[in-house]
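Here the structure is laid out as structure tokens; the discussion comes afterwards.
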Amino acid sequence: GHAVRTIDAALDLASGDLDTATSLLQVRSLGGSQALVDELQRKALDQWRENADRMLDQLDVRIRERHEQAGELAFLLEPDLKLSQGGLRDLHCLQWIDLADPSLLEDSEREALDGPHGVLLSARIELHRATGRAHNQLLLHAQDEVADALGSRAADLLTAAVADAARTVTGIAESLPPPIHPPGPPP
């Protein structure tokens, strides 16, 4: 979302709120002073890294709860491209984890996420166009239209590409050390 705050007020809010903290990691200017935006970005990243242990623990709980609710994208007939395990939110989480501690991901893993990001994001954008709304679940009745829009010959090829992308994202996420992505059910 958007808000008007001082840098200190934004950082104060982010210090205790995971959603705000992660939003500030991707802050961008719509107008005004680029120097203020740069300062906020720098300070938000410093704060994220200083609070990494606490924030990553909270992020881990959120990830596990979301996976429990949305299922594993690669194995669903009608996956949620954003929230399912291996989806776009997991890509965001990997980016936030990488910002907290760049030693956790290898350069090859970062590069391996580019293709899946493109597949998942393209499918989501075309799904939004096909349904006329911000809908993230790739329902059966929309799969042919999304596949056609992406130049795929059939919905089966689209869903196979989406599942493959999700497996790549999940594999990289599961390679991270605990507590970032420990196996097992949510606490």
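The values are calculated or read from the model by the stated rules, or taken from the named source; none is laboratory data. Everything numeric here is computed off the predicted structure, so don't read it as measured data. Heads up, the Cβs are rebuilt from the backbone with ideal geometry, glycines too, and the neighbour counts pull from every protein chain shown. Calculation scope for accessible area: heavy atoms of the full protein, side chains included, ligands and nucleic acids excluded. Shrake-Rupley method; radii C 1.70, N 1.55, O 1.52, S 1.80 Å.
Here are the numbers for the structure shown:
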item	result
Selection from LEU30, LEU11, ASN51, by position along the positive dipole direction of region 2-63 (Cβ)	LEU30
Cβ-based net charge around THR6, under 14 Å, with every Lys or Arg adding one and every Asp or Glu removing one	-1
Span-rule helices in the chain, defined as complete DSSP H runs reaching 27 Å or more along the axis (Cα) with Kyte mean at least 0.0	155-174
Region 34-187: relative contact order in percent, alpha carbon pairs under 8 Å with at least 6 residues between	29
Cα centre as origin, Lys/Arg/Asp/Glu Cβ charges: region 64-119 dipole, Debye	220
Equivalent ellipsoid dimensions for region 21-138 as semi-axes, Å, which come from the Cα gyration tensor, largest first	27, 19, 14
Amide H partners (placed H, <5 Å) of GLU72, local residues excluded	GLN85
Accessible area (Å², per residue) of the chain, counting only protein heavy atoms and a probe of 1.4 Å	56
Region 72-131, relative contact order in percent, only Cα pairs under 8 angstrom and at least six apart counted	28
